[in-house]
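S.K.: Submitted below is the structure of interest, expressed as structure tokens.
Readers should treat all values here as calculations from the given coordinates under stated rules, not as data from a laboratory. No experiment lies behind these values; they were computed from the predicted model shown. Because the Cβ atoms are built from the backbone with ideal geometry, glycine has one as well, and the counts that use them run over all protein chains shown.
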Amino acid sequence: MKRTILSLLLAIISVSASFAATERFMPERSQITAAVSDHNSYKALADRFASGQKLTAPEVAAIYYGTALQPGFNPSQTYPDIARTYAAGDYATSLSLIWSALSKDPANLYLLFTGYGSAASLGNQEAASLLQNRLLQICDLIFSTGTGITQDSPYIVVRPSDIDEFLIKYIQPQKIDGRAKIGNLDACRVQLEGIDNDIIMYFSAF
């Protein structure tokens, strides 16, 4: 997967203008709102996502960006019990807690990546495959929302923690050299394999 992402990034850096014109998926707030408002259809869509079905980009967008439109959504939500049990190597407990959390927060990248790590550590291939399927659908969607390398074409995320999860575990740079806020954007200077100069990647909140 890392090789594929790096190849795409190299292509984007080389032809970012044409890529932005033909490959980007821009989440429209009005469309996401409409999808979330149809509660029965949205519940059915969420159940399909949870079961590991492959969704279309607009459907994944409704699940992921629709998270930000849910009552009580907290972009700074943390899961200290999960972090503690995972760090202690108690993967069975962390996975159990993650399943419970995902029932209310199904598109949280921290939960999905940590759940995948827990399941893989336990040798639970069925759970690992399901969680990997879900996290890749979300990361692939985020990757398609911009070139990520210009301020007018940032990657679009719903919570600050998704930047780290997406950047470190999906893009997998060799090194992160620094971070800064530029207006309403988060900017991360990274070193990527096969690219001589540092790249600045930009992120915007939905």
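S.K.: Tell me, in nm to one decimal, what length is gained between S161 and T56 on full extension, where the rule is 0.36 nm per residue of separation less the Cα-Cα distance?
M.R.: Taking 0.36 nm per residue and subtracting the Cα distance, the gain is 35.4 nm.
S.K.: Let me ask something additional. Which of the pairs K54/K169; K104/K181; K54/K104 have their Cα atoms more than 23 Å apart in this structure?
M.R.: K104/K181
S.K.: What are the ³J(HN,Hα) values, in whole Hz, obtained from phi via the Karplus relation 6.51 cos²θ - 1.76 cosθ + 1.60 with θ = phi - 60°, for each residue of the stretch 55-63 in sequence order, with x given for Gly and Pro?
M.R.: Couplings: 9, 6, 4, x, 6, 5, 4, 5, 5 Hz.
S.K.: Which log10 I(q)/I(0) values does the stretch 29-169 give at q = 0.12, 0.15 Å⁻¹ under the Debye formula, counting every alpha carbon as one identical point scatterer?
M.R.: Listed by q, the Debye log ratios stand at -0.48, -0.75.
S.K.: Using DSSP to define loop residues, name the trypsin sites (Lys or Arg not before Pro) in the stretch 29-59 whose beta-carbon has at most 16 other beta-carbon atoms within 10 Å.
M.R.: In loop regions of the stretch 29-59 (DSSP not H, G, I, E or B), the sparsely surrounded trypsin sites (Lys or Arg not before Pro) are K54.
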